[in-house]
Amino acid sequence: MYHGIVADPALTLQNREIGAELYDVPLANFKAQMNHLKQLNYQATLLNETQNSDKKPFILTFDDGELNNFQEAWPVLKALDWKAYFFVIVDRIGTRGYLGWEELKEMCKSGMVIGSHGLSHEILTQLPDEQLEEELYTSKKNLEITLGMPIDSISIPRGFCNDHVIR
């Protein structure tokens, strides 16, 4: 599970949430990790894909929808012919440093999966029902309408979840 893939730390977003930089991986390290996995006969795949029996499948995910996912991570994945899930914060789409609709559409065309990471990245377990519904349904519908495809996956913001959120 990745977040930012950073080629140049000086170009990192300045207005990120506190602690976001803890999840950054330098581009050189990301490339080395992916190449190491390939050498060990791993294959990044999607949940619904049939696997070649000689490869060891694993799932790659990226949270938040930072533009560096498109600029840095996606070319590495394309070169390896690997797929991944990109979970985006819908309210940040098209804002400075985040993926725009055109990047998301291009990634979809190449087989990447776009999923929701909520509308605004709120902690879902702390929200009243009306706001929880807005975070989940509005983010999903905005993605579906604009990308023209079903959105069937979500990465829970910050990982805080309970039975009520799941229902």
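The values are calculated or read from the model by the stated rules, or taken from the named source; none is laboratory data. Computed from a prediction, not measured in an experiment: that's the story for all the values here. Every residue, glycine among them, receives a Cβ derived from its backbone with ideal geometry; neighbour counts consider all protein chains shown. All accessible areas refer to the heavy atoms of the entire protein, side chains included, with ligands and DNA or RNA removed. Shrake-Rupley method; radii C 1.70, N 1.55, O 1.52, S 1.80 Å.
Cβ-Cβ contacts under 8 Å between residues 6 or more apart (or on different chains), taken from a first residue in the stretch 79-102 that is open to solvent by 50 Å² or more (accessible area, probe 1.4 Å) to a second residue that is of a type in the set (A, V, I, L, M) and not in a loop (DSSP other than H, G, I, E, B), are listed as TRP101/LEU147.
Kindly indicate whether PHE58 is among the aromatic types (Phe, Trp, Tyr), closer than 21 Å to MET149 by Cα and either open to solvent by 10 Å² or more (accessible area, probe 1.4 Å) or modelled with pLDDT under 95 (or both). When the stated conditions are applied, PHE58 does not pass them. Contact map, the stretch 29-41: residues that are more than 14 Å from PRO57 (Cα to Cα) paired with residues that are surrounded by 13 or more Cβ atoms within 10 Å (Cβ to Cβ), Cβ distance under 7 Å, separation 6+ or inter-chain. Pairs shown: PHE30/ILE5; PHE30/ALA73; PHE30/VAL76; LYS31/VAL76. Just wondering, is there one or more residues in the stretch 143-153 that are crowded, with 18+ Cβ neighbours inside 10 Å and either under 30 Å from ALA32 (Cα atoms) or out of contact with any Ser or Thr (no Cβ under 7 Å at 6 or more places or on another chain) (or both)? No, because not a single residue in the stretch 143-153 is crowded, with 18+ Cβ neighbours inside 10 Å and either under 30 Å from ALA32 (Cα atoms) or out of contact with any Ser or Thr (no Cβ under 7 Å at 6 or more places or on another chain) (or both).
Quick grid of which residues meet (1) modelled with pLDDT under 90; (2) in a helix (DSSP H, G or I); (3) touching a helix residue (DSSP H, G or I) at 6+ places or on another chain (Cβ under 9 Å):
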site: ALA10; (1), (2), (3): yes, yes, no
site: GLN14; (1), (2), (3): yes, no, no
site: ASN35; (1), (2), (3): no, yes, yes
site: GLN43; (1), (2), (3): no, no, yes
site: GLU49; (1), (2), (3): yes, no, no
site: VAL76; (1), (2), (3): no, yes, yes
site: TRP82; (1), (2), (3): no, no, yes
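Can you pull out every residue in the stretch 118-135 that is in contact (Cβ under 8 Å) with a residue 24 or more places away in the chain and either outside any loop (DSSP other than H, G, I, E, B) or within 15 Å of PHE87 (Cβ to Cβ) (or both)?
Of everything in the stretch 118-135, those that are in contact (Cβ under 8 Å) with a residue 24 or more places away in the chain and either outside any loop (DSSP other than H, G, I, E, B) or within 15 Å of PHE87 (Cβ to Cβ) (or both) turn out to be GLY118, LEU119, SER120, HIS121, GLU122, LEU124, THR125, GLN126, LEU132.
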